[in-house]
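Note sheet for the following structure.
The values are calculated or read from the model by the stated rules, or taken from the named source; none is laboratory data. Just so you know, these numbers come straight off a predicted model, no measurement behind them. Backbone-built Cβ (ideal geometry, glycine too); neighbour counts: all protein chains shown.
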Amino acid sequence: MKKEQKWPDDLQELIERIASIAANDEFELRVAVHDLQTHAVRSSHKDRHVADAILQSCCDLIRQAAHQLSPDGGDKVLGSFRSKPYIRSINALIRTLLPESGDAQHGLALDGLQLHECNLEHIDLSGSSLRMTDFSRSKLSRASFGRCDLRFAAFTGASLLSADFAHSLMEHCAMAWCDLSRVDMQRCQLMYADMGGSILERAKLSHALLSGADMANATLTGADLRHANLFAARLHSAKLSGCNLTGTGITPERLENAGMSFQADSKTLWGSEDDCHGRNPLDPAYYCEQQRLL
């Protein structure tokens, strides 16, 4: 049986106080953030476990603030996080603590935060809530984002070499001009995701939901897209050499009929007319039908 972690008395008291703060008590939230900042300055760099405890407490406050702003979990109000002083203070504290975190940090609440240009290589954030979080131009190679909620998150210009996103929610994710080589996005929901110009060499995208996704000018050399849903996806000027498109209904004729130029070679594995029962996966009309059924 794992021994319960015992923090220093003053930190233990603060953690217990944070757990008891009501979601709609903004004054108490602000006071708690101030106390966390004071404690972090005093002791976090001396003890990694203490830093992790403070990080977890910051995420508890984010959850409570998110509930205050949006009890039903909606995305529209998350933008107002950035206008609140105590959220900006939490953001600054998390930017300091997250790169130095010790063990895997599963199930964190980082909704709406600005984490751009951070070095978070190899970090494990599996199962975390990261809606509208900004990771643009960050270093995230070999990071783990499996089963995360990443709707409307921004990764534009980030390095995501060999990152793991399997089974994550990634609708409307901004991933243009990213290095996504060998990334694992199997069974991800990537509707309306923007991956234009990104490098997706040997990426794993089998069974991914890519309806309406923009992959124009993307490099998909050797990528595995077997049985991916590509209704109304944009593949204009995409590099498809050695790409596996079996089960998608994507054929050279359909790409040409849709006015999409492409690069392919003898190793490209194409779909067939039978894959989509006569429907054209590049036709936006079928994408609208798909959206209605979700």
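Points to keep in mind about this one:
Here is a yes/no grid of residues against (1) surrounded by fewer than 24 Cβ atoms within 10 Å (Cβ to Cβ); (2) within 29 Å of the chain's Cα centre (by Cα):
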residue: Met215; (1), (2): no, yes
residue: Thr221; (1), (2): yes, yes
residue: Leu240; (1), (2): no, yes
residue: Asn244; (1), (2): yes, yes
residue: Ser266; (1), (2): yes, no
residue: Gly271; (1), (2): yes, yes
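- Only residues that are buried (at least 18 other Cβ atoms within 10 Å of the Cβ) and assigned to a loop (DSSP other than H, G, I, E, B) were counted in region 106-119, giving 7.
- Unique residue being modelled with pLDDT under 95 and either out of contact with any His (no Cβ under 6 Å at 6 or more places or on another chain) or of a type in the set (Ser, Thr, Tyr) (or both) when the list is Ala285, Ala264: Ala285
- Any chance Gly79 is modelled with pLDDT under 70, on the phi < 0 side of the Ramachandran plot and either assigned by TED's automatic domain parsing to the domain that holds Gly127 or assigned to a loop (DSSP other than H, G, I, E, B) (or both): no
- In the condition set (1) closer than 24 Å to Asp224 by Cα; (2) in contact with a Ser or Thr (Cβ under 8 Å, 6 or more places away or on another chain), Ala143 is compliant with all but (2).
- Region 187-213 - residue that is within 19 Å of Leu240 (Cβ to Cβ) and of a type in the set (S, T, N, Q) and, of those, surrounded by the most Cβ atoms within 10 Å (Cβ to Cβ): Ser198
- Residues that are over 19 Å from Asn229 (Cα atoms) and not in a loop (DSSP other than H, G, I, E, B), drawn from region 177-193: Asp179
Residues checked against (1) among the basic types (Lys, Arg); (2) closer than 16 Å to Asn119 by Cα; (3) in contact with a Ser or Thr (Cβ under 7 Å, 6 or more places away or on another chain):
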site	(1), (2), (3)
Cys148	no, no, yes
Ala153	no, no, yes
Leu161	no, yes, yes
Ala166	no, no, no
His172	no, no, no
Met185	no, no, no
Arg202	yes, no, yes
Leu209	no, no, no
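- Residue in region 228-235 that is at pLDDT 95 or above, part of a loop (DSSP other than H, G, I, E, B) and surrounded by fewer than 22 Cβ atoms within 10 Å (Cβ to Cβ) present: no
- Filter result for Leu245 (closer than 28 Å to Ala153 by Cβ, free of Cβ contacts under 8 Å to residues at least 40 places away in the same chain and not small (Gly, Ala, Ser)): yes
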